[in-house]
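Student: This is the structure I have questions about; it appears just below.
The values are calculated or read from the model by the stated rules, or taken from the named source; none is laboratory data. Treat the numbers as computed from the prediction; the structure is a model and nothing was measured. No Cβ is skipped: glycine too gets one built from the backbone with ideal geometry, and neighbour counts run over all protein chains shown.
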Amino acid sequence: MKQSTDFFLLEKNGIDILVKKFLEEHKVFGPIKPGHDSTFDEIKSPKELHLDYISTVLPPKKFFHPPTENLFSFELIENTEWTYKETLHDEKTVLIGVHPCDVHAILRLDRFFSEDFRDPYYLSRRENTIIVALNCIEPSEYCFCESMGTGPFLEMGYDLLLTDIGKKYLLETGTYDGKKLLDGLKLEKADKKDLYEKKKLLEQAKKKFKRHVNTDGLSALLDDDTHDWDIWTKLAENGYPGKSFPCLSCGSCSLVCPTCYCYDVYDVIDLSLKKGVRKRELDSCQLLEYAEVALGGNFRRDRRERIRHWLMCKFGMAAGGDKSGCVGCGRCIRICPSKIDITEVARIIRGE
Amino acid sequence: MENDYSPNIAFIRDITQETSNTNTYTLEPYDKIMKKKFSYTPGQFIMLSIFGIGEAAISISSDPSNNGFINTTIRNVGNVTNAIFRLKKGDLIGIRGPYGIGWPLDKAENRDILIIAGGMGLAPLRGVINHIKNNRDKYGHLEIIYGARTPGDMIFTYEYDDWKKIMDSTIHLTVDAVPYGIKWDYRIGLVTSCFPGMKTHPRNAIAFVCGPEIMMRYVAKCLENIGFNDDQIYISLERRMKCGIGKCGHCQIGQKYVCKDGPVFQYSDIKKFIRPL
């Protein structure tokens with residue numbers, strides 16, 4: 001439900017008050033910094049929150065579409081008769097400090113998991129989650145959300161939105177749910193000057209990007225089936241000298257990708273052979289087993305076919321369409337052991 | 001919230017042995033309402049569940065006039081099918097579906113129908129043949145070309161006599177090889193070796209093809225050569241599916257989901273993704 005936007009100002013330590021308020025009735029998740037890197041995890045007290053982060057290894061996708069989860073548990077009664085019980089999660093949750101690229105990724109997964117057949121596991125979590133987004137002032141060296149139209153500032157998809165405008169945070173409301181979360185808090189109203197400050201910061205942030213990608217006409221180039229397989233062979237088998245090494249098919253890119261949704265389903269049965277669970281686990285089209293069928297057939301046996309499929313998917317040319325497309329978070333570039341850079345691949349395809 | 005991942009329960013009412021490693025199972029949904037509601041088009045598939053082992057996508061081999069009974073023809077090739085082969089008459093099995101898009105029977109009305117199947121590929125087409133048999137006046141000439149590795153690998157052999165009696169129809173049987181000592185009165189060769197004796201003319205015909213992907217690509221090419229357009233050819237693809245409902249991603253082929261946009265595709269829609277010969 002879209003509501004008229006309210007603008008507030010929040011002292012830097014005012015975030016603590018906000019988090020405390022959230023913790024009253026919700027589970028709160030946000031970025032923390034346990035070591036060198038930041039990660040999204042549960043926040044039990046406000047001081048754990050580390051909003052001044054660049055990016056996390058895993059995207060917040062993990063809260064809605066976890067790396068592994070139980071679909072249901074089952075129990076054999078006798079012989080072949082059984083009962084089963086679904087495992088749905090509907091805890092009230094607040095996700096704080098989500099960057100615009102990740103919010104856009106969540107919006108895409110929302111569309112994906114609610115079209116045709118609705119996915120009750122994803123949606124029950126999602127419908128009970130409030131998103132407090134955080135605009136990006138400092139893009140990392142891997143970020144290119146500006147080129148993908150998903151950042152650095154957010155215009156949609158948030159319940160509440162924070163922007164660090166120097167000494168204070170600008171707090172904007174996006175939905176009724178977000179607004180309700182602020183009930184009972186005495187907040188300072190923001191004025192025009194603060195909004196101008198935000199606008200200025202946006203312009204500055206846009207100029208800080210080191211990576212750019214031009215996706216114009218990319219889909220038309222890729223859609224052409226006469227298109228050169230040479231690119232994929234080089235990426236997968238030979239590498240591009242000075243740019244990337246051959247792909248290792250490790251699947252890290254899909255694991256860290258905020259829009260990769262593919263999963264595997266399998267049963268785990270306990271030692272009694274009477275009880276078990278059906279689980280789903282994130283999968284990757286980069287892995288050899290992914291397109292395997294009965295009797296050892298495999299529709300994407302070659303590494304080049306697999307890396308092609310993943311990159312096509314990220315350019316919105318797979319079955320997920322733009323819903324599994326790239327949002328420019330840069331995680332796959334950072335994680336790739338072979339230094340394969342999706343923005344570089346786009347340039348190669350475009351012949352730049 | 002409705003949960004499409006939860007299987008329903010079905011009884012195994014009958015098991016018919018087709019070949020040494022292939023059985024046809026007759027399933028009856030446990031729930032009376034589900035049994036009544038369970039409607040499908042030949043070519044659609046169901047997800048069969050064995051708890052503790054897993055799920056597999058299996059095509060329906062009966063035609064919808066089967067009074068709520070569902071036939072599935074299964075070859076014992078993997079974990080789930082292996083477990084299914086251990087089940088007996090009266091046992092229970094998990095079932096979800098039907099899913100996907102079946103053969104375009106409406107588009108086939110008043111047209112000549114050419115059915116080309118290889119090996120297990122006859123399973124999803126058996127419903128089409130029996131549907132045409134039961135609604136004979138709606139369709140034109142029916143021609144069936146069925147090939148298998150050996151005579152012993154042919155499925156639904158007990159129905160061929162009935163099929164031969166279908167008015168205005170032709171049936172060709174062919175095998176790759178005949179083991180020593182086996183009597184075989186029909187052709188030896190690929191399914192396409194039956195093309196010279198084919199009665200169907202591409203004009204006003206529709207071709208339904210199912211078999212190994214390499215065979216379908218070759219058949220499609222040969223059909224094109226004799227004058228079929230890509231939009232007159234329908235093929236049914238095989239992929240290992242984990243969900244059956246367009247979420248898990250495993251059955252993706254180019255920009256299509258086999259489970260949701262298929263498994264039956266118009267050849268013109270899918271041609272560029274399966275890289276034709």
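Student: For region B:230-277, what are the residues that are farther than 16 Å from B:Pro212 by Cβ, away from chain A (no Cβ under 12 Å) and among the small types (Gly, Ala, Ser)?
Tutor: Selection gives B:Ser268 alone.
Student: Only one of these conditions is not met by B:Ile155: (1) in contact (Cβ under 8 Å) with a residue 40 or more places away in the chain; (2) among the hydrophobic types (A, V, I, L, M, F, W, C); (3) surrounded by 23 or more Cβ atoms within 10 Å (Cβ to Cβ); (4) out of contact with any helix residue (DSSP H, G or I) (no Cβ under 6 Å at 6 or more places or on another chain). Which number is it?
Tutor: Just one mismatch for B:Ile155, condition (4).
Student: Consider region A:54-97. How many of its residues are within 27 Å of A:Lys180 (Cβ to Cβ) and over 12 Å from the mean Cα position of the chain (by Cα)?
Tutor: 10
Student: Follow-up. Restricting attention to region B:2-24, report how many residues are within 18 Å of B:Tyr99 (Cβ to Cβ) and among the hydroxyl-bearing types (Ser, Thr, Tyr). Let's see the steps before the verdict.
Tutor: Of the residues in region B:2-24, the ones within 18 Å of B:Tyr99 (Cβ to Cβ) are B:2-10.
When the remaining residues are screened for being among the hydroxyl-bearing types (Ser, Thr, Tyr), the result is B:5-6.
Number satisfying all stated conditions: 2.
Student: Do you know which of the residues in region B:130-145 that are polar (S, T, N, Q) and over 13 Å from B:Glu109 (Cβ atoms) is surrounded by the fewest Cβ atoms within 10 Å (Cβ to Cβ)?
Tutor: Restricting attention to region B:130-145, the residues satisfying the condition of being polar (S, T, N, Q) are B:130, B:134-135.
Filter once more, so that each one left must be over 13 Å from B:Glu109 (Cβ atoms): B:130, B:134.
Working: B:Asn130: 23, B:Asn134: 12.
Step by step, filter region B:130-145, then rank; the result is B:Asn134.
Student: In region A:301-328, which residue that is within 19 Å of A:Asp230 (Cβ to Cβ) and in contact with a Phe, Trp or Tyr (Cβ under 7 Å, 6 or more places away or on another chain) is surrounded by the most Cβ atoms within 10 Å (Cβ to Cβ)?
Tutor: A:Ile307
Student: Quick check, is A:Arg331 buried (at least 22 other Cβ atoms within 10 Å of the Cβ), touching a helix residue (DSSP H, G or I) at 6+ places or on another chain (Cβ under 8 Å) and over 20 Å from A:Asn214 (Cα atoms)? Working first, answer last.
Tutor: Values: buried (at least 22 other Cβ atoms within 10 Å of the Cβ): yes; touching a helix residue (DSSP H, G or I) at 6+ places or on another chain (Cβ under 8 Å): yes; over 20 Å from A:Asn214 (Cα atoms): no.
Criteria not met by A:Arg331.
Student: Separate question: Is it true that B:Asn66 is of a type in the set (S, T, N, Q) and touching a helix residue (DSSP H, G or I) at 6+ places or on another chain (Cβ under 8 Å)? Write out each step before concluding.
Tutor: Values: of a type in the set (S, T, N, Q): yes; touching a helix residue (DSSP H, G or I) at 6+ places or on another chain (Cβ under 8 Å): no.
It is false that B:Asn66 is of a type in the set (S, T, N, Q) and touching a helix residue (DSSP H, G or I) at 6+ places or on another chain (Cβ under 8 Å).
Student: Among the listed residues B:Glu2, B:Glu18, identify the single one that is crowded, with 18+ Cβ neighbours inside 10 Å and among the acidic types (Asp, Glu).
Tutor: Details: B:Glu2 fails: crowded, with 18+ Cβ neighbours inside 10 Å.
Every option except B:Glu18 fails the conditions.
One line per residue, one yes/no per condition, for (1) more than 13 Å from the chain's Cα centre (by Cα); (2) more than 28 Å from B:Ile12 (Cα to Cα); (3) outside the structural domain of B:Ser65 (by TED's automatic domain parsing):
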{"site": "B:Lys89", "(1), (2), (3)": "yes, no, no"}
{"site": "B:Ile93", "(1), (2), (3)": "yes, no, no"}
{"site": "B:Glu109", "(1), (2), (3)": "yes, yes, yes"}
{"site": "B:Leu114", "(1), (2), (3)": "yes, yes, yes"}
{"site": "B:Gly118", "(1), (2), (3)": "no, no, yes"}
{"site": "B:Ile129", "(1), (2), (3)": "no, no, yes"}
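Student: Could you check region B:67-88 and list, in sequence order, the residues that are without any contact (Cβ under 8 Å) to a residue 40 or more places away in the chain and buried (at least 16 other Cβ atoms within 10 Å of the Cβ)?
Tutor: Quick first cut of region B:67-88, residues without any contact (Cβ under 8 Å) to a residue 40 or more places away in the chain only: B:67, B:78-83, B:86.
The answer is B:Gly78, B:Val80, B:Thr81, B:Ala83.
Student: For region B:21-49, what are the residues that are surrounded by fewer than 20 Cβ atoms within 10 Å (Cβ to Cβ) and either hydrophobic (A, V, I, L, M, F, W, C) or assigned to a helix (DSSP H, G or I) (or both)?
Tutor: B:Lys32, B:Ile33, B:Met34, B:Lys35, B:Lys36, B:Lys37
Student: Here is a further query. Just the residues that are free of Cβ contacts under 8 Å to residues at least 40 places away in the same chain and within 14 Å of chain A (Cβ to nearest Cβ), please, taken from region B:1-49.
Tutor: Across region B:1-49, the qualifying residues are B:Met1, B:Glu2, B:Asn3.
Yes/no matrix, rows are residues, columns are (1) over 15 Å from the mean Cα position of the chain (by Cα); (2) at pLDDT below 90; (3) at the interface with another protein chain (Cβ under 9 Å from one of its Cβ atoms):
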site: A:Ser272; (1), (2), (3): yes, yes, no
site: A:Val277; (1), (2), (3): yes, no, no
site: A:Leu287; (1), (2), (3): yes, no, no
site: A:Lys314; (1), (2), (3): no, no, no
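Student: A further question follows. Examine region A:170-191 for a residue that is out of contact with any helix residue (DSSP H, G or I) (no Cβ under 8 Å at 6 or more places or on another chain), closer than 16 Å to A:Ser55 by Cβ and either buried (at least 21 other Cβ atoms within 10 Å of the Cβ) or aromatic (Phe, Trp, Tyr) (or both), and state whether such a residue exists.
Tutor: Looking through region A:170-191, none of the residues is out of contact with any helix residue (DSSP H, G or I) (no Cβ under 8 Å at 6 or more places or on another chain), closer than 16 Å to A:Ser55 by Cβ and either buried (at least 21 other Cβ atoms within 10 Å of the Cβ) or aromatic (Phe, Trp, Tyr) (or both).
Student: Quick one: is B:Ser59 outside the structural domain of B:Glu159 (by TED's automatic domain parsing) and surrounded by 15 or more Cβ atoms within 10 Å (Cβ to Cβ)? Steps first, please.
Tutor: Details: outside the structural domain of B:Glu159 (by TED's automatic domain parsing): yes; surrounded by 15 or more Cβ atoms within 10 Å (Cβ to Cβ): yes.
It is true that B:Ser59 is outside the structural domain of B:Glu159 (by TED's automatic domain parsing) and surrounded by 15 or more Cβ atoms within 10 Å (Cβ to Cβ).
Student: While we're here: Can you tell me which of A:Arg126, A:Arg118 is surrounded by fewer than 18 Cβ atoms within 10 Å (Cβ to Cβ), modelled with pLDDT of 90 or more and within 30 Å of B:Ile95 (Cα to Cα)? Break it down stepwise before answering.
Tutor: Values: A:Arg126 fails: surrounded by fewer than 18 Cβ atoms within 10 Å (Cβ to Cβ).
Result of the check over A:Arg126, A:Arg118: A:Arg118.
Student: Does at least one position in region A:311-320 carry a residue that is basic (Lys, Arg) and in contact with a Lys or Arg (Cβ under 8 Å, 6 or more places away or on another chain)? Working first, answer last.
Tutor: Residues of region A:311-320 that are basic (Lys, Arg), as a first pass: A:314.
When the remaining residues are screened for being in contact with a Lys or Arg (Cβ under 8 Å, 6 or more places away or on another chain), the result is none.
The answer is no, given that none of the residues of region A:311-320 is basic (Lys, Arg) and in contact with a Lys or Arg (Cβ under 8 Å, 6 or more places away or on another chain).
Student: I'd like to verify a number: residues in region B:181-224 that are farther than 23 Å from B:Asp168 by Cα and touching a Phe, Trp or Tyr at 6+ places or on another chain (Cβ under 7 Å), how many?
Tutor: Matching residues across region B:181-224 total 2.
Student: If I filter region A:243-266 for residues that are without any contact (Cβ under 8 Å) to a residue 12 or more places away in the chain and either within 10 Å of chain B (Cβ to nearest Cβ) or not small (Gly, Ala, Ser) (or both), do I get at least one hit? Steps first, please.
Tutor: Going through region A:243-266, the residues without any contact (Cβ under 8 Å) to a residue 12 or more places away in the chain turn out to be none.
No, because not a single residue in region A:243-266 is without any contact (Cβ under 8 Å) to a residue 12 or more places away in the chain and either within 10 Å of chain B (Cβ to nearest Cβ) or not small (Gly, Ala, Ser) (or both).
Student: Exactly one of (1) away from chain B (no Cβ under 11 Å); (2) modelled with pLDDT of 90 or more is unmet by A:Leu71. Its number?
Tutor: A:Leu71 satisfies every listed condition except (1).
Student: Right, something else. I'm trying to understand the selection: among the residues of region B:64-111, which are β-branched (Val, Ile, Thr) and under 19 Å from B:His131 (Cα atoms)? Steps first, please.
Tutor: In the first step, residues of region B:64-111 are kept if they are β-branched (Val, Ile, Thr); the result is B:70, B:72-74, B:77, B:80-81, B:84, B:93, B:95, B:101.
B:Ile70, B:Thr72, B:Thr73, B:Ile101, listed by residue number.
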